[in-house]
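*Asks:* Structure in structure tokens, see below.
The values are calculated or read from the model by the stated rules, or taken from the named source; none is laboratory data. From a predicted model like this one, the values you see are computed outputs, not experimental measurements. Please note: Cβ atoms are built from the backbone with ideal geometry, for glycine as well, and neighbour counts cover all protein chains shown. Surface areas here come from the heavy atoms of the whole protein model, side chains and all, with no ligands, DNA or RNA. Shrake-Rupley method; radii C 1.70, N 1.55, O 1.52, S 1.80 Å.
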Amino acid sequence: MKIQHPLLVRAVGVTGAWTVRRLVGTCPFHFRYADPTLNPEFARRTGQRYIYAFFHEVMLFPAYFWAWPEMQILISDHRDGELITQVVKRLGFGVVRGSTTRGGARALREMTSRVDRGHLCVTPDGPKGPRRHVHQGLAYLASRTGLPIVGVGMAFRDPWRAKSWDRFAVPRPFQPAACVVPEAVHVPADADRETIEACRQEVERRMQSCTLEAEAWVEQL
């Protein structure tokens, strides 16, 4: 069933934000940074800005822990995008609509215009996958904005999983969550297609490696 009526969409936003705060808020969070200055809380105090990338399936992790107006998140124009937008706006994010497949040029322009407002946030495998794949649009955005890419790995212990392309993760109450953050990837401003692809591959490699590390770590907590 598609939810399209504006009042129902807003109701989903209110209910979804409340649920995220209550459910994800029960989880003890653990972080491991290759460079402590990459912590968004540290960066927001020093004025340094990054593009933070996380896989679509673990969106509830940053949706709770990094829900600040300075975090400008890209939400796709696919049919469920408005529902997600209503939720994350109420959690505190700034929102840009579009993706690498729909509304991409418009979204790129708007994301570029928001560089001075804080960090940019992207799910580089969304909105349709493949799962845990990084699309080239992320590296291109970094080249256009001059912001380094911090591609993180996140995991919940034994989450509920949706039967979707990304196997969307819903944390179980009071179960630990872990985040592993590697060094940032810098994309040259004059990057050609070959350089963009090389940077894309490096971000993907780091994100996949950190995700596996987070999944292993969270089982030990």
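*Asks:* Can you give the Rg and Dmax of the chain based on its C-alpha atoms, in angstrom?
*Replies:* When restricted to the Cα atoms of the chain, Rg and Dmax are 16.4, 47 Å.
*Asks:* Also, quick follow-up: Give me the one-decimal nm value for the distance between modelled label points at Arg144 and Glu110, 7 Å along each residue's Cα-to-Cβ direction.
*Replies:* 1.3 nm
*Asks:* Relative contact order of the chain: what whole-number percent is it, with Cα pairs under 8 angstrom and at least 6 residues apart? Don't skip to the answer; put the middle values down first.
*Replies:* Numbers: 427 pairs, mean separation 56.7, N = 221.
This gives 26 percent for the chain.
*Asks:* Still on this structure, please answer the following. Any idea of the accessible area per residue across the chain, 1.4 Å probe, to the nearest Å²? The partial results should precede the final answer.
*Replies:* On the way: 10690 Å² over 221 residues.
That works out to 48 Å² for each residue.
*Asks:* Quick one: if you stick a label point 7 Å off each Cα along the C-beta vector at Glu197 and Lys128, how many nm between them?
*Replies:* 2.2 nm
*Asks:* Could you work out the helix-only [θ] at 222 nm for the chain, with each DSSP H run of four or more residues adding -39,500 (n - 2.57) and the total divided by the number of residues, to the nearest 500 deg cm²/dmol?
*Replies:* Working: 7 runs with 89 residues, N = 221.
Mean residue ellipticity at 222 nm (helix-derived): -12500 deg cm²/dmol.
*Asks:* Longest segment of the chain with no chymotrypsin sites (Phe, Trp or Tyr not before Pro) in a DSSP loop having at most 15 other Cβ atoms within 10 Å?
*Replies:* 1-164
*Asks:* Does segment 134-189 come out rounded, prolate or oblate by the C-alpha gyration tensor, with a ≥ b ≥ c the root eigenvalues, rounded set by a/c under 1.5 and, if not, prolate when a/b is larger than b/c and oblate if not?
*Replies:* Details: a/c = 4.63, a/b = 2.05, b/c = 2.26.
Since a/c reaches 1.5 but b/c is at least a/b, the shape of segment 134-189 is classed as oblate.
*Asks:* A further question follows. Once neighbouring chains are kept in place and the probe is 1.4 Å, which whole percent of the accessible area of the chain is contributed by carbon and sulfur? Write out the running numbers ahead of the final one.
*Replies:* On the way: 5610 of 10690 Å².
Here it works out to 52 percent.
*Asks:* A further question follows. Applying 1/(1 + (r/R0)^6) with R0 = 45 Å to the Cβ-Cβ distance of Ser209 and Thr19, what FRET efficiency is obtained, to the nearest 0.05?
*Replies:* Working: r = 31 Å, r/R0 = 0.69.
The formula returns an efficiency of 0.90 here.
*Asks:* With viscosity set to 0.692 mPa s at 37 °C, what whole-number translational diffusion coefficient in µm²/s follows for segment 150-221 from Stokes-Einstein and a Kirkwood radius over Cα pairs?
*Replies:* Values: Rh = 13.7 Å.
In µm²/s, the coefficient rounds to 240.
*Asks:* Grab the Cα-Cα distance for Asp35 and Phe168, subtract it from 0.36 nm times how many residues apart they are, and report the gain in nm with one decimal. Mind showing how you got there, number by number?
*Replies:* Numbers: separation 133, 0.36 × 133 = 47.88 nm, distance 2.82 nm.
That works out to 45.1 nm of additional length.
*Asks:* Between Arg161 and Ala11, with labels modelled 7 Å along Cα→Cβ, what's the label distance in nm to one decimal, could you check?
*Replies:* With each label point 7 Å from Cα toward Cβ, the separation is 3.3 nm.
*Asks:* Using θ = phi - 60° and the Karplus form 6.51 cos²θ - 1.76 cosθ + 1.60, what ³J(HN,Hα) does each residue of segment 83-92 get, whole Hz, x for Gly and Pro?
*Replies:* With the stated coefficients, segment 83-92 comes to 5, 5, 4, 4, 5, 5, 4, 6, 6, x Hz.
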